[in-house]
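Novice: First, the structure itself, so that you have it in front of you.
The values are calculated or read from the model by the stated rules, or taken from the named source; none is laboratory data. Small disclaimer: the values here were computed from a predicted structure and weren't measured. Here the Cβ is made from the backbone with ideal geometry for all residues, glycine too, and neighbour counts use every protein chain on show.
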Amino acid sequence: MMENTVQPDKELEKQEENKENQSAVPPAQQREQEIIDPADQVKRLQDDLTEAKDKYLRLYAEFDNYRRRTAKEKIELIQSANENLINLLLPVIDDFERAEKSFKHKNDKGAEGFFLIQNKFKKILETCGVGLMETKVGSDFNPDLHDAITQVPAPEENLKGKIVDVVEKGYTLNDKVIRHAKVVVGN
């Protein structure tokens, strides 16, 4: 049992000597041991600066992309809101055109007022970017612009695969098709 008690005492003495030896080292020498080589310190600072610059550039680029994306989304939102409204107004345009056919032979004040309203309505739609698609009888059928309602035997050989009749006009909004022209195609 004595051996066990003697050894811890020796260990305690060694620990105390180590503490005294460490405290015997002047504080200036301890600081010198803690000081890193200046070249290493400069390199570490340069690496930190490079990393901070890289993070800054990435963050700036990310913000710039966000700003552009939100601006584009805002424009698209406004245009799609216009598109919904214009789609609701297209049947009114069709009604104006049908009414125009019935007023063609009348020259009274009512017909004159009707034509003034129709022209004003068309000009307003044009300022909003609405355009009438040019769809002529005899032109080639384009599935990107036209909806084929039916196919009929071509009255002439040169009208095969071409538009024979236009049933409903097509419209664009800022060069985007908002209503395909409904056509009859020759077969």
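Novice: If I filter region 57-79 for residues that are under 17 Å from LEU173 (Cβ atoms), of a type outside the set (D, E, K, R) and surrounded by 11 or more Cβ atoms within 10 Å (Cβ to Cβ), do I get at least one hit?
Specialist: So far as region 57-79 goes, yes, one or more of its residues are under 17 Å from LEU173 (Cβ atoms), of a type outside the set (D, E, K, R) and surrounded by 11 or more Cβ atoms within 10 Å (Cβ to Cβ).
Novice: Mind counting the residues in region 142-185 that are among the small types (Gly, Ala, Ser) and modelled with pLDDT of 90 or more?
Specialist: From region 142-185, those among the small types (Gly, Ala, Ser) are 148, 154, 161, 170, 181; that's our starting set.
Going one step further and asking which of them are modelled with pLDDT of 90 or more, we end up with 148, 170, 181.
Selection size over region 142-185: 3.
Novice: From the residues in region 110-135 that are within 35 Å of the chain's Cα centre (by Cα) and of a type in the set (D, E, K, R), which one is farthest from ALA154 (Cα to Cα)? Even if it seems obvious, please write down each step before you answer.
Specialist: Taking region 110-135 first, the residues within 35 Å of the chain's Cα centre (by Cα) are 120-135.
Then drop every residue that is not of a type in the set (D, E, K, R), which leaves 120, 122-123, 126, 134.
Values: LYS120: 39, LYS122: 34, LYS123: 37, GLU126: 35, GLU134: 21 Å.
Looking at residues that are within 35 Å of the chain's Cα centre (by Cα) and of a type in the set (D, E, K, R), I get LYS120.
Novice: If you don't mind, another one. With the checklist (1) under 25 Å from ASN82 (Cα atoms); (2) touching a Phe, Trp or Tyr at 6+ places or on another chain (Cβ under 9 Å) in hand, flag the one item ILE124 doesn't pass.
Specialist: Among (1) under 25 Å from ASN82 (Cα atoms); (2) touching a Phe, Trp or Tyr at 6+ places or on another chain (Cβ under 9 Å), the lone unmet condition for ILE124 is (2).
Novice: For region 118-126, check the following and say yes or no: at least one residue is at pLDDT 90 or above, assigned to a helix (DSSP H, G or I) and among the acidic types (Asp, Glu).
Specialist: Yes, because at least one residue in region 118-126 is at pLDDT 90 or above, assigned to a helix (DSSP H, G or I) and among the acidic types (Asp, Glu).
Novice: Consider VAL137 against the criteria (1) in contact (Cβ under 8 Å) with a residue 40 or more places away in the chain; (2) not in a helix (DSSP H, G or I): it satisfies all of them except one. Which criterion is unmet?
Specialist: The failed condition is (1).
Novice: When the residues of region 98-116 are narrowed to those that are in a helix (DSSP H, G or I) and surrounded by 11 or more Cβ atoms within 10 Å (Cβ to Cβ), which ends up modelled with the lowest pLDDT?
Specialist: The residue in question is PHE103.
Novice: Among the residues of region 148-187, what is the count of those that are small (Gly, Ala, Ser) and assigned to a helix (DSSP H, G or I)?
Specialist: Number of matching residues: 0.
Novice: Hey, another quick one. Can you report the number of residues in region 170-187 which are under 39 Å from the mean Cα position of the chain (by Cα) and surrounded by fewer than 17 Cβ atoms within 10 Å (Cβ to Cβ)? Step through it out loud before you land on a result.
Specialist: Here is the first cut: in region 170-187, the ones under 39 Å from the mean Cα position of the chain (by Cα) are 170-185.
Narrowing the set further to residues that are surrounded by fewer than 17 Cβ atoms within 10 Å (Cβ to Cβ) leaves 172, 174-177.
Summing the residues that are under 39 Å from the mean Cα position of the chain (by Cα) and surrounded by fewer than 17 Cβ atoms within 10 Å (Cβ to Cβ) in region 170-187 gives 5.
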